[in-house]
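Read through the structure below, which is laid out as structure tokens, and then see the notes.
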Amino acid sequence: QPVGEQRTRANRLVLLVDGVVAPDVVVPGDAQETAAALAEAAALGRAVTPVGGGTALNLGNPPERVDRVLSTERLAGIIDYEPTDLVLSVGAGARLGDVQAVLAEHGQRLPLDPPGGADATIGGLIATSRWGPLRYSAGTLRDLLIGIAVAHPSGTVSKAGGMVVKNVSGYDMPRLYLGSLGTLGVVVSANFKVLPRPRAEATVIATYDGPAKAFSTASALRNGREPIAALEVAFLDAAWHLAARIEGRDETVAAVAGRISAIAGGDVNRVGGLESANWWASYVAKQQIADDENEVLVRCGARPKETAVLATDMAAALSEYGVTTPHLAASPGLGAVVARLNFGNKGSAAFLADLQGVLLGIADTVTILAAPPSWKHGIDVWGRIPEGFDVMRSLREQFDPKRTINPGRFAGFL
């Protein structure tokens with residue numbers, strides 16, 4: 001496509017970056033152009049915001065400034081794919097849905113189901129380190145990433161890892177960029193190990209009057225070591241639910257789904273195939289960036305065995321604060337709870353700061369994933385300063401000494 005058309009599409013996409021207007025957009029065509037664009041911005045003292053699919057633009061603290069958006073739209077496509085070796089190299093601008101479609105032709109996939117879904121880009125997923133319910137069985141990008149190429153404000157492109165799953169020399173560096181929100185450089189391509197696509201799937205959904213039975217059932221399933229792909233306890237549609245996703249061969253899926261249905265008790269619904277996949281896509285979409293001007297998306301973390309206590313304490317605290325919770329999703333075994341909150345007419349920076357403080361008294365970690373930009377000013381949405389922050393700051397100074405990329409957006413306003 002003509003560069004002009006690419007630029008027009010990018011401009012439509014990034015009109016606002018967490019409430020800040022982006023006056024300029026650059027759409028580099030390869031790794032070297034990306035590095036050159038970053039070097040130019042660093043030399044001129046301009047702040048750059050990398051953008052992929054635009055599915056998480058209001059993740060992080062409000063940017064100190066946005067002088068230029070760098071779109072990875074042209075850094076797309078499959079670079080190398082060896083189905084027999086189960087390895088893939090792909091451009092950072094490639095959308096997850098397009099990558100999965102290519103892999104599906106060979107009966108393979110990346111076992112990822114993050115918020116943003118098919119529209120999320122590979123580079124964006126690495127930068128934000130977002131994950132979905134499949135983490136329960138498949139882990140995260142950390143477990144799949146085997147190589148990476150990154151452009152830096154120094155004008156250089158660094159590479160680590162390769163196209164070999166057991167690559168010792170590149171073991172640590174690719175993971176360094178996971179969740180760094182672009183502050184250490186802009187990912188231009190990545191290499192992954194891929195896995196066979198399951199032949200069949202089904203989901204068992206049980207509905208309960210309260211959370212106790214849902215969490216006790218989840219605990220029983222975990223202790224029973226059933227081969228479950230995803231296991232969630234959620235408050236949605238004004239009721240508590242347990243959802244278990246089963247993947248594998250037809251006979252195995254049917255047998256496991258039958259056992260889980262018997263253990264779950266209560267009001268049980270069972271769906272299979274495409275209906276199962278669509279249910280999970282809709283479920284994860286509810287954990288996407290909040291659209292309503294009065295909504296906030298928050299993720300709290302605790303020890304895995306304390307997930308039930310965390311979820312119920314959060315629900316009680318939010319109710320006491322007069323905040324409605326149309327969606328609360330807990331991941332037993334992972335210690336994570338994501339809640340979608342509606343503040344009604346109470347929303348303000350002060351109210352959000354107070355609520356964050358209340359949640360920090362309940363959870364080990366509290367991250368405000370999304371909120372109206374004006375409410376986030378003066379608040380570190382990442383919560384407590386993470387362990388090893390001094391190391392993070394020294395890495396920032398080494399890789400991006402002028403704070404060219406996403407200044408102020410990371411933890412501690414890094």
The answer for trypsin sites (Lys or Arg not before Pro) in the stretch 85-171 that fall in a DSSP coil and have at most 13 neighbouring Cβ atoms within 10 Å is K166
Per residue, accessible area of the chain with a 1.4 Å probe, heavy atoms of protein chains only, in Å², comes to 42
Computed from every Cα-Cα pair in the stretch 173-292, P(r) in 5 Å bins starting at 0 and rounded to whole percents is 2, 10, 18, 17, 15, 12, 10, 9, 5, 1, 0
Of the beta bridges DSSP finds with both residues in the chain, what % are antiparallel, to the nearest 5? 90
Here the residues of the stretch 311-325 lying in the modelled label zone of R384, meaning backbone nitrogen under 17 Å from a point 7 Å along Cα-to-Cβ, are 311, 314
With a 1.4 Å probe and all protein chains left in place, how much of the accessible area of the stretch 326-387 comes from carbon and sulfur atoms, in whole percent? 54
Once the whole set of protein chains is in place, how much accessible area is left on H152, using a 1.4 Å probe, in Å² to the nearest 10? 10
Loop-resident GluC sites (Glu not before Pro) in the stretch 56-142 with no more than 14 other Cβ atoms inside 10 Å, DSSP not H/G/I/E/B, are E64, E105
Quick one: plug the Kirkwood hydrodynamic radius of the stretch 258-371 (C-alpha pairs) into Stokes-Einstein at 4 °C, 1.567 mPa s, and report D in µm²/s. 84
Would you mind calculating the gained length between T207 and A220 on full extension (0.36 nm times residue separation, minus the Cα-Cα distance), in nm to one decimal? 3.1 nm
Using a 1.4 Å probe, how large is the accessible area of K193, given in Å² and rounded to the nearest 10? 60
Protein chains only, probe 1.4 Å: how do I263, I246 rank by accessible area, largest first? I263, I246
Return the calculated 222 nm mean residue ellipticity for the chain, to the nearest 500 deg cm²/dmol, obtained by summing -39500 (n - 2.57) across DSSP H runs with n ≥ 4 and dividing by the residue count. -9500 deg cm²/dmol
Which percent of the accessible heavy-atom area of the stretch 231-274 goes to carbon and sulfur, probe 1.4 angstrom? 53
The lysines whose Cα lies under 28 Å from the Cα of K193, excluding any fewer than 8 residues away in the same chain, are K159, K166
Contact order normalised by residue count of the chain, Cα under 8 Å, 6+ apart, percent: 18
Taking springs between alpha-carbon atoms closer than 10 angstrom, which of A238, A349, A363 fluctuates most in the Gaussian network model of the chain? A238
Would the stretch 17-62 count as rounded, prolate or oblate if I go by the C-alpha gyration tensor, calling it rounded below 1.5 in a/c and otherwise prolate when a/b exceeds b/c, oblate otherwise? oblate
For the chain, what is the per residue volume of the convex hull drawn over the alpha-carbon atoms, in cubic angstrom? 137
Give the aspartates and glutamates whose C-alpha is closer than 16 Å to that of K376, dropping any in the same chain fewer than 8 places away, or say none. D18, E64, D291, D292, E293, E295, D354
Equivalent-ellipsoid semi-axes of the stretch 82-141, from the Cα gyration tensor, Å, largest first: 18, 14, 10
With the cut-off at 19 Å, report for the stretch 316-390 the share of all Cα pairs above it, as a whole percent. 36
Keeping all protein chains in position, work out how much accessible area D24 exposes to a 1.4 Å probe, and write it in Å² to the nearest 10. 50
Once the in-chain neighbours fewer than 8 apart are removed, the lysines whose Cα is under 30 Å from K213 read K286, K305
Cα-derived Rg over Rh, computed across the stretch 38-125 with Rh taken as Kirkwood radius: 1.07
Let's test this: bin the Cα-Cα distances of the stretch 103-250 at 5 Å from zero up to the farthest pair and state each bin's percent. 2, 9, 15, 17, 16, 13, 11, 8, 5, 3, 1, 0
Would you rank M314, M163 by solvent-accessible area, highest first, keeping every protein chain in place and using a 1.4 Å probe? M163, M314
Among S89, S394, S154, whose mean-square fluctuation peaks in a Gaussian network model of the chain (Cα, cutoff 10 Å)? S394
In a Gaussian network model of the chain with springs linking alpha carbons closer than 10 Å, the residue among S189, S219, S331 that fluctuates most is S219
Using alpha carbon centroids, what distance separates the stretch 329-396 and the stretch 240-278, in Å? 33
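The values are calculated or read from the model by the stated rules, or taken from the named source; none is laboratory data. The structure presented is a predicted model; accordingly, all values stated were derived computationally and were not measured. Every residue, glycine among them, receives a Cβ derived from its backbone with ideal geometry; neighbour counts consider all protein chains shown. Surface areas here come from the heavy atoms of the whole protein model, side chains and all, with no ligands, DNA or RNA. Shrake-Rupley method; radii C 1.70, N 1.55, O 1.52, S 1.80 Å.
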